[in-house]
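To start, the structure under review is shown below, and the notes come after it.
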Amino acid sequence: MSIWSGDSLRTCFSFVVLAFFLTFVFIAGVLQEINKNRAINQKIDFPDFGHYNGNFIKNIPDSVLPIDDQRKRIIAIGDIHGMNNSLTDLLDEIHYDSKRDSLIHLGDLETRATIHDSIDVLSFMSSNRILGVRGNNDQKVIEWRAWMNWILSQPGGREWLSVMDKRWPNLDGDKRIQRTELEKWVETSRYASWKKMVPVGWHPLGKHYRVARAMSPGLFEYLSSLPLVLHSPTGHMVFVHAGLLSSHPKLQVSDPRQPLSHWPTMDDQHGISNLRDKQEVAVLTQIPENKDPWTVTNIKSVTDEGIVSPSPKKGTPWSQLWNDTMSKCSGNSGTNGGEAYQPTSLPCYPFTVVYGHAAGRGLDIKRWSIGLDTGCSYGRQLSAVVLDGSSFSSATYQFRDNIHGRAPRSQEIDFGDNGQARIFSVSCA
Ligand SMILES: *[C@@H]1O[C@H](CO)[C@@H](O)[C@H](O)[C@H]1NC(C)=O
Ligand SMILES: *[C@@H]1O[C@H](CO)[C@@H](O)[C@H](O)[C@H]1NC(C)=O
């Protein structure tokens, strides 16, 4: 009789199979872990979180311009930064009517008030499909959200984000998280290797991160659909968050390479309106600084060396350079060539920039630029410029909206070729 009975042979065989199976599972697990760690330990090849994709300049449709209908208005609002109640106050003060008025915001919709208020402002803008431009703070929120979507697609990413959410729950109201506490935790927890998944210089769990995390996919879509520049070729005006240059900062204003130093070549129609449109587009697309997303969302000044600066203390405010150049535009009177123009005048038509971002300078009205960031998030004011038929010489109706009569606190300013506009502000205390 064999010492191997049929039963024990079968049992032994089962053990061998089980052992092989377990070894296989173990090795596969180890390999997977090694791969995961290798992926994490490699230098991360981050995708593009910027979402600029083809959204640089958008045109404002002529249908929103108050030139053929005396009830229409355009209302451009400075940096709101989540100050939901102040936004409501301002819209009340102006008697905003969504049926006849078109709002345009100048970016930085969120991140200084509570997360809740920021989301409310974003929801208002998104659900009413409000026109606007991207600000530097909007950009940070977009980048965080794009990063989150990417992290969620990585193995283990979802778990990591939810562990952070649980450990640092709603920070709404907190001024800021203790950065060192967070960093210490990341270093000592089993998520130490995840540190590399955050781009250098980015700090998770701040306000931008929180707003990005709290946004619905619809709000993210709205925010990332905002262009950097809104241009109205018919209204001869441009909306941008921080600013634009009217000329190459390192060349003489009359240099032939400057878009405003000569008439554009006209291949088809020769109408003045076409000419102006071409020149405006040339300023927006041929000056390298105006094509740089960072510049148009951060510029405050230009140094004496012709370098763009985000600091208000260095060099000359870009709006002053803009106003100086535009003031030299003397239309197409005189000769057709550029040569006959004196250095003090340029063969161009001026156009207006409406912008925000420079809270330090407050309301900044120049003949050809309107700066509307009046520091609402610092408890100062939220401001808007209101354009109606009286703002545009091409308007069929030259009228005085009687709403202006009921708003003695507004300020009248010159606008465009020979029109007027009104500035409204509410207190943000
Ligand atoms: C924001 O404003 C809207 C409109 O006035 C209001 O319905 C909403 O409750 C406000 N949100 C907060 C958080 O105050
Ligand atoms: C704008 O430029 C014109 C012409 O150089 C000048 O007269 C005017 O004072 C400037 N406006 C402001 C507010 O700087």
Can you work out the PRE-style zone for ASP89? Point 7 Å along Cα to Cβ, and I want the residues of the stretch 103-140 with backbone N under 15 Å.
113
Evaluate E = 1/(1 + (r/R0)^6) for SER330 and ASP48, where r is the Cβ-Cβ distance and R0 equals 41 Å; express this FRET efficiency to the nearest 0.05.
0.40
Out of residues 5 or more away from ILE365 or on other chains, whose amide H comes under 5 Å of its own, with H placed 1.01 Å from N in the peptide plane?
GLY371
Table column - 3J(HN,Hα) (Hz), the stretch 207-223, Karplus curve with 6.51, -1.76, 1.60, x for Gly and Pro:
4, 5, 4, 5, 5, 4, 5, 7, 5, 6, x, x, 5, 4, 5, 4, 4
Sparse-neighbourhood loop hits (trypsin sites (Lys or Arg not before Pro), the stretch 55-119; DSSP loop; Cβ within 10 Å at most 11 others) -> LYS99
In the structure shown, do any of LYS250/LYS278; LYS140/LYS291; LYS207/LYS250 have a Cα-Cα gap over 28 Å, and if so which?
LYS207/LYS250
With an 8 Å cut-off on Cα pairs and a minimum separation of 6 or more residues, tell me the relative contact order of the stretch 184-279 in percent.
14
When only C-alpha pairs under 8 Å and at least 6 residues apart count, what is the relative contact order of the stretch 138-217, in percent?
47
Between the modelled labels at LEU161 and ARG129 (7 Å from Cα along Cα→Cβ) the distance in nm is 2.8
Can you give me the distance in nm between label points at ASN59 and GLN154, each placed 7 Å from the Cα along the Cα-to-Cβ direction?
4.3
For ARG71 and GLU412, extending 7 Å from Cα along the Cα-Cβ vector and measuring point to point gives, in nm, a value of 2.5
Provide the per-residue ³J(HN,Hα) series for the stretch 303-310, in order, calculated from phi with Karplus coefficients 6.51, -1.76, 1.60 and θ = phi - 60°, each as a whole number of Hz, with x at glycine and proline positions.
6, 4, 7, x, 9, 5, 10, x
Could you name the lysines whose alpha carbon sits less than 26 Å from that of LYS72, not counting residues in the same chain fewer than 8 places away?
LYS58, LYS99, LYS366
Starting at the first residue of the stretch 281-292, write each ³J(HN,Hα) from the Karplus equation 6.51 cos²θ - 1.76 cosθ + 1.60 with θ = phi - 60°, in whole Hz, x for Gly and Pro.
5, 5, 4, 6, 10, 9, 8, x, 4, 6, 9, 9
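Give the peptides 249-259, 349-359, 229-239 in descending order of average Cβ contacts within 10 Å, highest first. Display every interim value, and only then the final one.
Details: 249-259: 15.2, 349-359: 24.2, 229-239: 22.3.
My ranking of the peptides, most packed first, is 349-359, 229-239, 249-259.
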Compute the length gained on full extension between THR285 and THR303: take 0.36 nm times their separation in residues and subtract their Cα-Cα distance, giving the result in nm to one decimal.
4.3 nm
Taking only the alpha-carbon positions of the stretch 138-217 as identical scatterers, the Debye log10 I(q)/I(0) at q = 0.13, 0.19 Å⁻¹ comes out as -0.37, -0.86
Cα Rg over Rh - the stretch 80-176, Kirkwood
1.06
Note: probe point = Cα of TRP294 + 7 Å toward Cβ; backbone nitrogen < 19 Å; residues of the stretch 212-234 passing the test are 228-229
Residues whose built amide H sits under 5 Å from the amide H of ILE104, excluding neighbours closer than 5 in sequence, are ILE75, ALA76, ILE77
Suppose the chain between ASP97 and ARG190 were pulled fully straight at 0.36 nm per residue; how much longer would it get relative to their current alpha carbon spacing?
28.0 nm
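Values in this text are rule-based calculations from the coordinates and carry no lab data. This one's a predicted model, so the numbers in the text were calculated from it and none came from an experiment. Positions of Cβ are generated from backbone atoms using ideal geometry, with glycine treated the same way; all protein chains shown enter the neighbour counts.
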